[in-house]
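Below: one structure, written as structure tokens.
The values are calculated or read from the model by the stated rules, or taken from the named source; none is laboratory data. Note that the structure is predicted; figures quoted are calculated from it, not measured. Cβ placement follows ideal geometry from the backbone for every residue including glycine, while neighbour counts extend to all protein chains displayed.
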Amino acid sequence: MLLEPRSPASVFLHAQPWFACMLPSEKNDLLDAMVLRKAGKGEILLAAGESIDAWYGVLSGMAKLQTKSHDGKMSAFLGVPAGEWFGEGSVLKEDVWRYDVVALRDTTLIGMPLAHFRRLYRTSLPFAHFLIDHLNMRLGQAMAVIESGRLRNPEERVAQYLTHFSWSGISKITLSQEDLGHLAGLSRQTINRVLKQFESQGWVSLEFGRVDIVNHAALQQLANPIGTKANAEPGQSPS
């Protein structure tokens, strides 16, 4: 039952900063309305061209957003870990999904139906602020991806995608080298070389199908040296 206090859906929503500002009756109504979508590894959770019926977050597992070119070539551009929402820009347009959402491992999505999304967007200031912050984060990620594809070397691109996941507080990333390569636009061989280099430097620890981030600061400095320096305190340098 989604309404159970200890259910994954209830825990997920209670972790949202805007949820605490809702009335008890509103919380119960929203919990009762939430929908779930499940898929096994490699299966499509949401298909391009499908009508948007809800705003989705990853309840468990991990998903990737990908598009297909006219010649059938697949391009993944965003990995979404558990605990994170996605697609708010598309939901605000209330159109159709422009990309496929694919499970990187067994994954469950949690969805807020459009009617509830519209009501919160129009009446809840904390919810609107959350959306703005989330859209701003996605814009920053999109700009970083564009810059990465044009200017960055493989090491910087891999560091950039690893730090994207750590923005959500994740340090143990269950992701194949092939999937990381799709996200970063690099071959699996290049991903393997870069990860081995990072491991030798003590920045990551590698296990089969998993990357553990050991030194987030070093990866962040490589991924965004200007931003890291700007955020350092006076008289200190990023480690």
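Can you work out which of the residues in the stretch 173-207 that are assigned to a loop (DSSP other than H, G, I, E, B) and within 23 Å of G83 (Cα to Cα) is nearest to the chain's Cα centre (by Cα)? If you could, list the steps in order and put the result at the bottom.
Keep residues of the stretch 173-207 that are assigned to a loop (DSSP other than H, G, I, E, B), which gives 175-176, 185-187, 201-203.
Add one more test, that the residue is within 23 Å of G83 (Cα to Cα), and what stays is 175-176.
Working: L175: 13, S176: 16 Å.
It comes out as L175.
Restricting attention to the stretch 163-220, the residues being farther than 22 Å from L78 by Cα and among the charged types (D, E, K, R) number 3.
Any chance the stretch 32-48 includes a residue that's part of a helix (DSSP H, G or I), free of Cβ contacts under 8 Å to residues at least 40 places away in the same chain and in the same structural domain as E84 (by TED's automatic domain parsing)?
Step one: list which residues in the stretch 32-48 are part of a helix (DSSP H, G or I), which gives 32-33.
From the residues that got through so far, the ones that are free of Cβ contacts under 8 Å to residues at least 40 places away in the same chain too are 32.
From the residues that got through so far, the ones that are in the same structural domain as E84 (by TED's automatic domain parsing) too are 32.
Yes, some residue in the stretch 32-48 is part of a helix (DSSP H, G or I), free of Cβ contacts under 8 Å to residues at least 40 places away in the same chain and in the same structural domain as E84 (by TED's automatic domain parsing).
To keep it simple, each residue is scored yes or no on (1) small (G, A, S); (2) modelled with pLDDT of 90 or more; (3) assigned to a strand (DSSP E or B).
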site	(1), (2), (3)
K64	no, no, yes
F77	no, no, yes
G83	yes, no, no
M112	no, yes, yes
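Just to be sure before I move on: is Y121 over 25 Å from P17 (Cα atoms) and of a type outside the set (A, V, I, L, M) in the structure I sent?
On the way: over 25 Å from P17 (Cα atoms): no; of a type outside the set (A, V, I, L, M): yes.
No: the conditions fail for Y121.
Would you please name the residue that is farthest from T108 (Cα to Cα), looking only at residues in the stretch 2-50 that are acidic (D, E) and at pLDDT 90 or above? Across the stretch 2-50, the extreme among qualifying residues is E26.
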